[in-house]
Amino acid sequence: MTTVPEQLFLLGNLAILLTYVVVTAVVVVWAVRRRGRLQDEADAHRATLQAVAEHTDDAIIGSDLDGVLTAWNRGAEQIFGWTADEVVGRHARILTDEAGAAEQRDMMRRIREGEKGVPYETRRFRKDGTPVEASFSVALVRDRFGQPIGFSAVVRDITALKEAAERQRAVEERTHQAQRMESLGKLAGGVAHDFNNILAIIVNYTDFAAEEAAGNDALTADLRHVRTAADRAINLTRQLLTFTRGDTIQPRDVDLSAALAEVHAMLGRTIGEHINLIMVPSAAPVTVHVDPGQLQQVVLNLAINARDAMPDGGTLVLEANTADLDGGELDMQPALPAGAYARLLVSDTGEGMTADVAAHIFEPFYTTKPRGQGTGLGLSTVYGIVAEAGGSINVYSEPGVGTTFRIYLPLVTASGDGAATLPRHDAPPAGDGRTILVVEDEPALARVVTRILTDGGYHVLTATGGRQALTLFHQHRCDALLTDVIMPEMSGRRLAELVHASEPALPVLYMSGYSNGLLGTTHVLDGDIAFIEKPFTAHDLLHKIAEVLPDLTRRYG
Ligand SMILES: Nc1ncnc2c1ncn2[C@@H]1O[C@H](COP(=O)(O)OP(=O)(O)OP(=O)(O)O)[C@@H](O)[C@H]1O
Ligand SMILES: [Mg+2]
């Protein structure tokens, strides 16, 4: 039996124990609840983060350390055209070509070796093979013990940005060039003016002296030499003044083909046996308003340069026709507003020139010819005449292949049949999702062509050379091939042959900076081929491509 005090003591202990149990239970429940709440908050945060990553316009891509893709957000789907289901588990190599794969491997190695958040810009490819210019920021992903487990990449599509920057650069370059020509013009004009005065003095006093010297044969002969030299100097200053537009000119309405025929006849006698001279007149009259003597000077200067570029012989083609410009052409000097123009082409198969040389050819006194053989005034004179007449010049040249000069002059639209030669203005038929395989080694131009065709409703595959084109051709179904003619790896002609070996009916449209006349006469291209000349407008290209596609032509006609 326990005594009362003992019972009280036991009760007291029990109470303490109970209190302890209750307090502990409350604390535990509170702690568990709090932990649950924190867990919920962390989960919610993680979910938000996931949603943010999923819905950003940039691609967020994860891969393991070998480059096998593990994460692919919606931005990535939009930029690259692959869905997450299609790519997760495959190697990131599917986004690149061979050069890109090497760069990818190198980048992964550098980041694994400790380089932090490496940003770089590169070209990748969409599911359909079209290129995309992308800016990458790649980092190493670690687990919670700090061990590397893979890579994360944030990728932004900068194709449009790059295009805009390239265009901006071209516009600036052209403005800069125009300013340079203007200041050179002022300088040359000033020099020519002062020179003319000095020459007038020399010529006149030489004539006076010659009169005085009558009967003294030796002195007369000496003075004749002085006079000849002075005449040469007068010719030079005249050319300089033409460049600076200080010359008096008498413009008239002239038919370009007729003017070309006159120069052709003149050159036929003088240019030399080693040059195959070809003239391609326009079918209908092409009327321009220029000084006929100056027009002749333009063609002669271009033809003589062409001859000089072909010391071992070659082909020189003179062509007259019309062209439609959209006003956005950047490779013309000076810039021209949109419209229909008369066009004069002078093409040669000579040594061509590098981009560095081409950038200076219109400057007075710029010459690559040996001392005494060129004054460097030929093309600056051409430039002066053409600019004065409201026209513009485009040069296309490839070293070792040849050069084409295109002179654009405002068309005088005679009432009546002249209009028949003007380019069409009707809307070209839509592409209806047909696939065009575009082969062009100049990336900026490839992008322009892709843009035009995509906007026109076509699906576009692009290749930078013949071999890549053949791979794409065998992987995808194509409705037509649009290829550059002269490319380093394989000519457009050869590519078409290879493609036709497996699909003889595939329509082919060639594009080139050379005129069809030149390529035809030099047998780079021959027979009945579809051809479009660079530079072309969106309108030209869409019409031409529609013409080669069989059922579109029917709808077209
Ligand atoms: N058809 C061409 N093929 C290759 N290079 C050319 C061609 N036309 C011009 N050039 C280059 O442009 C330069 C400038 O030509 P330009 O006609 O102004 O002067 P030039 O021919 O050297 O001298 P000039 O005409 O005064 O006797 C040439 O020296 C040459 O380097
Ligand atoms: Mg010259």
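The values are calculated or read from the model by the stated rules, or taken from the named source; none is laboratory data. Remember, it's a predicted structure, so these values are computed and weren't measured experimentally. For neighbour counting, all protein chains shown are included, and Cβ atoms are generated from backbone atoms with ideal geometry for every residue, glycine included. These accessible areas exclude ligands, DNA and RNA; they are computed on the full protein's heavy atoms, side chains included. Shrake-Rupley method; radii C 1.70, N 1.55, O 1.52, S 1.80 Å.
In this simple spin-label approximation, L277 and A170 carry label points 7 Å from Cα along the Cα→Cβ vector, and these lie 3.5 nm apart. Residues of the stretch 48-68 falling in the label zone of R90, defined by backbone nitrogen less than 19 Å from a point 7 Å along Cα to beta-carbon, are 59-68. Express in whole angstrom the spacing between the alpha-carbon centres of the stretch 25-39 and the stretch 451-465. For the stretch 25-39 versus the stretch 451-465, the Cα centre distance is 62 Å.
How high is the relative contact order of the chain, in percent, counting Cα pairs under 8 Å that sit 6 or more residues apart? Spell out each step's value before the answer.
Values: 898 pairs, mean separation 47.5, N = 557.
The normalised contact order for the chain reaches 9 percent.
Peptides 499-508, 87-96 ordered by packing proxy, namely the average of other Cβ atoms within 10 Å per residue, highest first: 87-96, 499-508.
Would you work out the charge dipole size for the stretch 290-371 about its Cα centre, treating the Cβ of every Lys and Arg as +1 and the Cβ of every Asp and Glu as -1, and quote it to the nearest 20 debye? It would help to have the intermediate numbers written out before the result.
Working: 4 positive and 12 negative charges, 64 e Å.
Dipole magnitude for the stretch 290-371 comes out near 300 debye.
Pull out the extension gain between A218 and D455, defined as 0.36 nm times the separation in residues minus the alpha carbon to alpha carbon distance; nm, one decimal. Display every interim value, and only then the final one.
Values: separation 237, 0.36 × 237 = 85.32 nm, distance 7.72 nm.
Fully extending the segment from A218 to D455 adds 77.6 nm.
Based on a Kirkwood Rh over C-alpha pairs, give the Stokes-Einstein translational diffusion coefficient of the chain at 20 °C and viscosity 1.002 mPa s in µm²/s. Stokes-Einstein gives a translational diffusion coefficient of 73 µm²/s. By the rule of a C-alpha distance below 27 Å, with chain neighbours fewer than 8 residues away ignored, the lysines paired with K116 are K162.
Sequence-ordered 3J(HN,Hα) estimates for the stretch 19-31 from the Karplus curve with 6.51, -1.76 and 1.60 and θ = phi - 60° stand at 4, 4, 4, 4, 4, 4, 4, 4, 4, 4, 4, 4, 5 Hz, glycine and proline given as x. Relative to the longest principal axis of the Cα atoms of the chain, helix 492-502 runs at roughly 50 degrees.
With the simple spin-label model, which puts each label point 7 Å out from Cα in the Cβ direction, the F145 to R110 separation comes to 3.1 nm.
Would you work out if the stretch 55-157 is rounded, prolate or oblate? Take a ≥ b ≥ c from the square roots of the eigenvalues of the alpha-carbon gyration tensor; rounded if a/c is under 1.5, else prolate when a/b is larger than b/c, oblate otherwise. Intermediate results must be reported in sequence, preceding the final value.
Details: a/c = 1.64, a/b = 1.35, b/c = 1.22.
The shape class here is prolate.
Where does helix 538-548 land angle-wise versus the long Cα axis of the chain, in degrees 0 to 90, nearest 10? The helix 538-548 is inclined about 90 degrees to the chain.
Please compute the per residue accessible area over the chain with all protein chains in place, 1.4 Å probe, rounded to a whole number of Å².
On the way: 29730 Å² over 557 residues.
Per-residue accessible area for the chain comes out at 53 Å².
Express in Å², to the nearest 10, the accessible area of R238 obtained by rolling a 1.4 Å probe over the protein heavy atoms while all chains stay in place. Near enough 120 Å² of accessible area. Of A59, V23, G457, which is farthest along the charge dipole of the chain in the positive direction, counting Lys and Arg as +1 and Asp and Glu as -1 at C-beta? Value computed over the given set: V23.
Can you give me the distance in nm between label points at L300 and Q177, each placed 7 Å from the Cα along the Cα-to-Cβ direction? Label-label distance for L300 and Q177, simple model: 2.7 nm. The phi-based Karplus calculation (6.51 cos²θ - 1.76 cosθ + 1.60; θ = phi - 60°) puts the 3J(HN,Hα) values of the stretch 44-50 at 4, 5, 4, 5, 4, 4, 4 Hz, whole numbers, x for Gly and Pro.
Please list W72, W30 from largest to smallest accessible area, probe radius 1.4 Å, with all protein chains kept in place. Present the calculation step by step, with values, prior to reporting the outcome.
Numbers: W72 15, W30 165 Å².
Result of the area sort, largest leading: W30, W72.
For a straight C-alpha distance cut-off of 22 angstrom, no lysines are reachable from K186 once same-chain residues fewer than eight places away are disregarded.
First compute the accessible area of the chain with a 1.4 Å probe, then give the percent of it belonging to carbon and sulfur atoms. Mind showing how you got there, number by number?
Details: 16750 of 29730 Å².
Answer for the chain is 56 percent, counting heavy atoms of protein chains only.
Based on the mean of other beta carbon atoms within 10 Å per residue, what is the order of 296-305, 381-390, 353-362, most packed first?
Values: 296-305: 20.9, 381-390: 22.6, 353-362: 15.1.
Highest mean packing first, the order is 381-390, 296-305, 353-362.
Put simply, when 14-25, 255-266 are sorted by average Cβ atoms within 10 angstrom per residue, most first, you get 255-266, 14-25.
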